[in-house]
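*Asks:* Mind having a look at this structure? Questions to follow.
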Amino acid sequence: MLTDNHGRKISYLRLAVTDRCNLRCFYCMPEEGLNWLSRTELLTYEEMLRICSLLVKMGIEKIRITGGEPFVRKDLMHLLRGLSQLQGLTELTITTNGVLTGPFVRELKDIGVRSVNLSLDTLDPIRFFSITCRDEFSKVMETLNQLMKHDIEVKINAVVMDGKNTQDILPMVELTRELPVSVRFIEEMPFNGEGHHYDGLKWDYVRILEEIKNAYPAIQKLHDDASSTSYNYHIPGHRGNVGIIAAYSRTFCGTCNRIRITPDGVLKTCLYDEGVINIKDLVRSGISDDDLQKKLLDTFGNRPADGWEAERNRNIGDPAHESMATIGG
Ligand code: SAM
Ligand code: SF4
């Protein structure tokens, strides 16, 4: 078993395959987009497969493909098919905005993807446009239909933003009445790629829960897995569940089992760190698997205790200048 210097199991890799995106969620990146990485700066699929294969041998059990929007990278299915063959990998999953995903759902099912996180912050097409700057709501809903039809477990991730979509909280909870989905509300984090700050977080997990509890007093707390980032609930009579992710408040660091690789091949052992080693440079310099494994183990042995410590250790400015799309949210 792979563990860090605080005795936490490391078993989950989030691999960002691109920083590019076909939406412009304002909390994630500026409307003009980011300073996109060039093709040569990105890890190739072959490099990703080598790194993932080593990490799986070392103890990684679950890989989530993310970005940017994974499906804007050409031939994503090639990577997914390769990863699905890795012996020892028990879960392969994706986080997607759903715009281009629909046509691939059947193949995802065929290669063994059992669950998908779909990002959707509102059920109102006009608010969707105002949040994402793109008119793609109907394609996302079609992807949701496809996922349901193919019996893929769906977690809908909604970032809660003061003044933007708090009126969507209850309608999204209502979705769980008829659909067997988990709707998870995420605290807005400071990674917006623009450097703008907020006056504190107006909708933290406590306030989100209060809003839901007032409307559904019978809501019941579910047991949360040790490494779960969400507090999970069930409303009696509903088919799905509700979750709240305290991503800003960082209540889950004590059991964090995840590491990240950014689209340009930098390893992060905490969402809030600035990147700890550049795996791409090591791989391109011809490092052997044994030596790469040693470097990775050293890094896992030096993990910050929590997101606050990681943020204090940063040398490259505050997180607001980073985007979740370059981190692999
Ligand atoms: N494009 C894909 C998507 O949107 O699902 C995958 C990448 S996106 C960066 C992954 C997740 O990060 C999305 O659920 C998104 O809502 C979340 N995210 C991005 N910026 C965020 C922020 N500032 N605060 C909280 N969540 C954020
Ligand atoms: Fe794109 Fe996802 Fe960021 Fe929205 S949250 S801009 S869909 S990467």
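The values are calculated or read from the model by the stated rules, or taken from the named source; none is laboratory data. As the structure is a computational prediction, the values presented were derived from the model and not from experiment. Quick reminder, even Gly has a Cβ in these numbers, built from the backbone with ideal geometry, and neighbours come from all protein chains shown. Heads up: the accessible areas ignore ligands, DNA and RNA and are worked out on the full protein's heavy atoms, side chains in. Shrake-Rupley method; radii C 1.70, N 1.55, O 1.52, S 1.80 Å.
*Asks:* With the dipole of the stretch 206-293 worked out from charges on the C-beta (+1 for Lys and Arg, -1 for Asp and Glu) around the Cα centre, which of V266, Q220, I287 lies farthest toward the positive end?
*Replies:* Q220
*Asks:* Taking amide hydrogens as modeled 1.01 Å from N in the peptide plane, which residues meet the under 5 Å criterion relative to L179, leaving out close sequence neighbours?
*Replies:* Close amide H contacts, sequence-distant or interchain: R239, G240.
*Asks:* Could I ask something else about it? Please name which of V181, Y231, V159 has its Cα lying farthest along the dipole of the chain towards the positive end, using unit charges on Cβ (Lys, Arg +1; Asp, Glu -1) and the Cα centre as origin.
*Replies:* Result: V181.
*Asks:* Just list whichever of K164/K213; K9/K268; K62/K280; K9/K62 have alpha carbons separated by over 19 Å in the model shown.
*Replies:* In this structure, K164/K213; K62/K280 lie more than 19 Å apart at Cα.
*Asks:* Sticking with this one: Using amide H atoms built 1.01 Å from N in the peptide plane, name the residues 5+ places from I186, or on other chains, whose amide H lies under 5 Å from its own.
*Replies:* Residues meeting the criterion, in which the H sits 1.01 Å from N, are A158, V159, V160, I245.
*Asks:* Would you rank D264, D291 by solvent-accessible area, highest first, keeping every protein chain in place and using a 1.4 Å probe?
*Replies:* The ordering from most to least exposed comes out as D291, D264.
*Asks:* When DSSP assigns beta bridges and you keep just the ones with both residues in the chain, what percent turn out antiparallel, to the nearest 5?
*Replies:* 25 percent
*Asks:* What accessible surface, in Å², does a 1.4 Å probe find on L282, ignoring ligands, DNA and RNA and rounding to the nearest 10?
*Replies:* Here the residue's solvent-accessible area equals roughly 40 Å².
*Asks:* Using the per-residue mean of other Cβ atoms lying within 10 Å as a proxy for protection, in what order, highest first, do the peptides 220-233, 130-143 fall?
*Replies:* My ranking of the peptides, most packed first, is 130-143, 220-233.
*Asks:* Karplus couplings for the stretch 102-112 from phi (6.51 cos²θ - 1.76 cosθ + 1.60, θ = phi - 60°), rounded to Hz, Gly and Pro as x?
*Replies:* With coefficients 6.51, -1.76 and 1.60, one gets x, x, 9, 4, 4, 5, 4, 4, 4, 8, x Hz.
*Asks:* In whole Hz, with x marking every Gly and Pro, tabulate ³J(HN,Hα) for the stretch 174-181 from phi via Karplus 6.51 cos²θ - 1.76 cosθ + 1.60, θ = phi - 60°.
*Replies:* The phi angles translate into 4, 3, 6, 5, 9, 9, x, 10 Hz.
*Asks:* Please identify the cysteines of the chain that lack any partner cysteine with a Cβ under 4.7 Å from their own Cβ.
*Replies:* Singleton cysteines: C21, C52, C133, C253, C256, C270.
*Asks:* Under the Karplus relation 6.51 cos²θ - 1.76 cosθ + 1.60, θ = phi - 60°, what is the ordered set of whole-Hz ³J(HN,Hα) values for the stretch 46-61, x standing for Gly and Pro?
*Replies:* Working through the residues one at a time gives 5, 5, 4, 5, 5, 5, 5, 4, 5, 4, 5, 4, 7, x, 5, 10 Hz.
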